[in-house]
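Contents: one structure, followed by commentary.
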Amino acid sequence: MNHALVEKLVDLIRATSSSLPDDVTKALGKALKQEARGTSAAVVLDTILKNCRLARRKQVPLCQDTGTLTFFISGTLRRRVTSAALKRAVALATERGYLRKNCLDSITGRSYDDNCADGAPVIHYTDDVPAGTVT
């Protein structure tokens, strides 16, 4: 398995689980400015923005439930970004604290502490579509 590729995937997981895109945080900030100080909405928006800054600075997940890990992989990368490489990256990211341990079997209740199980993470290989093409 390509160790450098796995580490790049771990870094991608770390970045996406610990920070929101800039346009999203700007929109949250704009929404906060439109709220009257002390309202429930203002308190919640302020808390979300503080959490975003803290998560980014400490490189920890933005929230307690990191959701279902879903990867969309370009068809041209299919041979390099294998399910084994992605599962290894997810396990390492979980071990390093970039993801919370939250993968459970809904039937048995078994916890998969590395976030890897049958069907988890979800991996979709996509067809490459030229830029500007409407599908």
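The values are calculated or read from the model by the stated rules, or taken from the named source; none is laboratory data. Predicted, not measured: the structure shown is a model, and the values here were computed from it. So basically every Cβ, Gly included, is an ideal-geometry build from the backbone, and we count neighbours across all protein chains shown. When the accessible area is computed, the model is the full protein with side chains, heavy atoms only, and any ligands, DNA or RNA have been set aside. Shrake-Rupley method; radii C 1.70, N 1.55, O 1.52, S 1.80 Å.
Here are some residues: Asp11, Asp105, Asp113. Which one is among the charged types (D, E, K, R) and open to solvent by less than 50 Å² (accessible area, probe 1.4 Å)? Give the derivation first.
Working: Asp11 fails: open to solvent by less than 50 Å² (accessible area, probe 1.4 Å); Asp113 fails: open to solvent by less than 50 Å² (accessible area, probe 1.4 Å).
That would be Asp105, the only listed residue that is among the charged types (D, E, K, R) and open to solvent by less than 50 Å² (accessible area, probe 1.4 Å).
When you scan segment 74-81, do you find a residue that is closer than 17 Å to Ala15 by Cα, free of Cβ contacts under 8 Å to residues at least 12 places away in the same chain and not aliphatic (A, V, I, L, M), even just one?
At the first step, the residues of segment 74-81 found to be closer than 17 Å to Ala15 by Cα are none.
No, every residue in segment 74-81 fails to be closer than 17 Å to Ala15 by Cα, free of Cβ contacts under 8 Å to residues at least 12 places away in the same chain and not aliphatic (A, V, I, L, M).
Residue by residue, here is whether (1) among the basic types (Lys, Arg); (2) modelled with pLDDT of 90 or more; (3) in a loop (DSSP other than H, G, I, E, B) holds:
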site: Thr47; (1), (2), (3): no, yes, no
site: Thr66; (1), (2), (3): no, no, yes
site: Arg80; (1), (2), (3): yes, yes, yes
site: Ala91; (1), (2), (3): no, yes, no
site: Asn115; (1), (2), (3): no, yes, yes
site: Thr135; (1), (2), (3): no, no, yes
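Suppose we keep only residues that are assigned to a strand (DSSP E or B) and modelled with pLDDT of 90 or more within segment 101-113. Which one would you say is farthest from Thr70 (Cα to Cα)? Lay out the reasoning, then the answer.
Our first condition is that a residue be assigned to a strand (DSSP E or B); within segment 101-113, this holds for 103-104, 111-112.
The next check asks that each one be modelled with pLDDT of 90 or more; those that pass are 111-112.
Details: Ser111: 18, Tyr112: 16 Å.
Of everything passing the filter in segment 101-113, Ser111 is farthest from Thr70 (Cα to Cα).
In segment 77-99, which residues are open to solvent by 60 Å² or more (accessible area, probe 1.4 Å), over 13 Å from Ala117 (Cα atoms) and touching a helix residue (DSSP H, G or I) at 6+ places or on another chain (Cβ under 6 Å)?
none
Go through the residues of segment 59-68 one by one and say whether even a single one is more than 22 Å from Lys8 (Cβ to Cβ) and of a type in the set (S, T, N, Q).
So the first thing to find is which residues in segment 59-68 are more than 22 Å from Lys8 (Cβ to Cβ), and the list is 63-65.
Next, from what is left, pick out any that are of a type in the set (S, T, N, Q): 64.
Within segment 59-68, one or more residues are more than 22 Å from Lys8 (Cβ to Cβ) and of a type in the set (S, T, N, Q).
Filter segment 21-44 down to the residues that are under 30 Å from Phe71 (Cβ atoms), open to solvent by less than 50 Å² (accessible area, probe 1.4 Å) and not small (Gly, Ala, Ser), then identify the one that is farthest from the chain's Cα centre (by Cα).
Leu28
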